[in-house]
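Encoded as structure tokens, the structure appears first; notes follow it.
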Amino acid sequence: MSEDDSRLKELLDGKLSPQQIADDPVLASLAERIYGADFLDNVGISRGETKRALAEQFSEIEGDDLLIDELPEGGLPLPMPEDMPPVPVNEDVIANSGGRSLTHKLRIVGGLFGLIAVVTNLFYGLGNFLSVCATDVHSTCGESLKLNWIDFFRMDEHIAWSPTGSIGIPDVILAVFCVINIVYGLRGRN
């Protein structure tokens, strides 16, 4: 264990005296962050001294200033060092993104297809495309062309058909379900 680690452990265990904490500005700053500003006030260390000591300690570092006072005249972006490592690429994310995009595309296509079917059935009637209606079954065969979604399995009976333009609860539920699929498909692609 290094000396810094042992001093930090002693700080956390409460084995350092206020004078030992005050002598080391890094420890004083850590004590303030760990225990709060009131702790420093209670042990008699002023925060101004701690900040000044930290500034002096870091100003002793040789080389360029740690903070940039002014932006270069060219503005942003700042020049990058030439020895920068390449940006890491996560192969797992790239490999898994194909499956997710297919699922989202299927949701979008399925939702659009369903929404088109619902709107077409409401205003034109699927009875114009499906010729299961015979006049001997019921008298409203040429008039009621909208398929009732709940009774789709009884298309040869009059109860499965209603006049176009009449909106029922199953029509609304199916349209909302299709819109939700489209929205989730579009949100998932981003």
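Remarks
- Across segment 18-25, rounded Karplus estimates of 3J(HN,Hα) from the backbone phi angles (6.51 cos²θ - 1.76 cosθ + 1.60, θ = phi - 60°) give x, 5, 5, 5, 5, 5, 10, x Hz, Gly and Pro being marked x.
- Exposure rank, largest accessible area first [LEU112, LEU40, LEU8; 1.4 Å]: LEU112, LEU8, LEU40
- Shown in residue order for segment 165-178 are the 3J(HN,Hα) couplings computed by the Karplus curve 6.51 cos²θ - 1.76 cosθ + 1.60 at θ = phi - 60°: x, 8, 9, x, 4, x, 5, 5, 4, 5, 5, 5, 4, 5 Hz (x for Gly and Pro).
- Taking amide H as placed 1.01 Å from N in the peptide plane, the amide H of TRP161 sits under 5 Å from that of ASN148, each at least 5 places away or on another chain.
- Residue-by-residue Karplus 3J(HN,Hα) for segment 29-34, coefficients 6.51, -1.76, 1.60, Hz, glycine and proline x: 5, 5, 4, 5, 6, 7
- Around GLY125: net Lys/Arg minus Asp/Glu count, Cβ-Cβ under 15 Å: -2
- THR103 contributes about 80 Å² of solvent-accessible surface, heavy atoms of the protein only, 1.4 Å probe.
The values are calculated or read from the model by the stated rules, or taken from the named source; none is laboratory data. Computed from a prediction, not measured in an experiment: that's the story for all the values here. When we count neighbours, we look across all protein chains shown, and the Cβ atoms used for this are built from the backbone with ideal geometry, even at glycine. Quick note on the areas: whole protein, heavy atoms, side chains included, nothing else; ligands and nucleic acids left out. Shrake-Rupley method; radii C 1.70, N 1.55, O 1.52, S 1.80 Å.
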